[in-house]
Amino acid sequence: MAQLASFGGPGAAEIWVKLEAANPTGSYKDRMALAMIEGAERRGELQPGQTVVEYTGGSTGSSLAFVCSIKGYPLRIVSSNVFAEEKLTTMRAFGAELELIHSDEGIHPQLIPQMQARAAEIVEKEGAFPTDQFNNLDTLDGYLEIGRELLDQIDGEIHGLAVYVGVGGAYTGTCRPIRERWPDTIRTIVEPAESAVIAGRLAGSHMIEGGGVGFIPPLITPDSYDRLDAVSTEDAFKAARELARTEGVWTGPSGGASILAASRLARELGPGHRVVTLQPDSGLKYLSGGLYD
């Protein structure tokens, strides 16, 4: 955990960030990947040597490639050229086979469904095992540990949370143990302003990787959040750069969006309160994509 020194500005609540970039591939998705594979192993759904298939923007693929390399499962990944080259290279480094769907429009509303459809074709043709991250409840087993660790690591009550939503597992897993301890904790979902579909707006194109997929993830229900905060791509990029330069917290666009939303909530709550958010991954994943040019 790191407490931000100045990002919220004067008169704001404390802002604490959980540093998940310390995981092996530099992302909290390592927790989810391990939970999905080991859950399938326990149920006998994944056989030794069977090919695993996933559609992913990068961090899930990197984490699955890491886990599958250790456990001996071939991995097929369906991704896209719009995602950070560092993530795609990491998947290849761990031995995954990549298939990229081209997009000239950034992360547009049809991209993830196209990736899902192609992954389903591979599963059917090859008899492979689909981890299917958006519909896999094993993801929560990995992410619940984030919420439990926060209860141990934070000394005192947590009054607010703000987390960028992709699959929804990290948001749900972080919120659940904290909300059980403190029922009045304000839970904030963060999504791209250009594609704020959870808020009921039209889906659109954006460049905040890791979320804004153009539809409401199955894990996100109306009773799972208290407020919504839409952050633009421009503001998420700006926040990520400012965090690195002023706080030493180095992350990508989704981390910038989460921490910016946390700072907005902190200013509303004011002194004597505490807001928590996540650094989902490392800035090392975004050195070639324009964020830190």
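Restricting attention to the stretch 226-249, which residues are surrounded by 20 or more Cβ atoms within 10 Å (Cβ to Cβ), more than 20 Å from S6 (Cβ to Cβ) and either modelled with pLDDT under 95 or in contact with a Ser or Thr (Cβ under 7 Å, 6 or more places away or on another chain) (or both)? Result: D229, single match. Checked across the stretch 86-104, the condition of being closer than 24 Å to G214 by Cα and surrounded by fewer than 14 Cβ atoms within 10 Å (Cβ to Cβ) holds for at least one residue. Going by the conditions given, is V197 in a loop (DSSP other than H, G, I, E, B), within 26 Å of N136 (Cβ to Cβ) and aliphatic (A, V, I, L, M)? Answer is yes for this residue. Restricting attention to the stretch 236-259 and to residues that are free of Cβ contacts under 8 Å to residues at least 40 places away in the same chain and not small (G, A, S), the residue that is nearest to V17 (Cα to Cα) turns out to be R245. Taking the criterion of being farther than 23 Å from S254 by Cα and of a type outside the set (A, V, I, L, M), the residues of the stretch 93-136 that qualify are F94, G95, E97, E99, R118, E121, E124, K125, E126, G127, F129, P130. I146 passes all but one of (1) assigned by TED's automatic domain parsing to the domain that holds S205; (2) loosely packed, with under 13 Cβ neighbours inside 10 Å; (3) closer than 23 Å to E209 by Cβ; which number fails? Unmet for I146, out of (1) assigned by TED's automatic domain parsing to the domain that holds S205; (2) loosely packed, with under 13 Cβ neighbours inside 10 Å; (3) closer than 23 Å to E209 by Cβ: (2).
Within the set H206, H159, the sole residue that is in the same structural domain as G270 (by TED's automatic domain parsing) and touching a Pro at 6+ places or on another chain (Cβ under 6 Å) turns out to be H206. Taken over the stretch 24-48, residues that are assigned to a loop (DSSP other than H, G, I, E, B) and surrounded by fewer than 20 Cβ atoms within 10 Å (Cβ to Cβ) amount to 5. I'd like the full set of residues that are part of a loop (DSSP other than H, G, I, E, B), more than 15 Å from E209 (Cβ to Cβ) and touching a helix residue (DSSP H, G or I) at 6+ places or on another chain (Cβ under 6 Å), limited to the stretch 219-275. L219, V249, W250, listed by residue number. Scanning the stretch 213-256 for residues that are within 16 Å of R187 (Cβ to Cβ) and of a type in the set (G, A, S) yields S224, A230.
The values are calculated or read from the model by the stated rules, or taken from the named source; none is laboratory data. A quick note: this is a predicted structure, and the numbers were derived from the prediction, not measured. For neighbour counting, all protein chains shown are included, and Cβ atoms are generated from backbone atoms with ideal geometry for every residue, glycine included.
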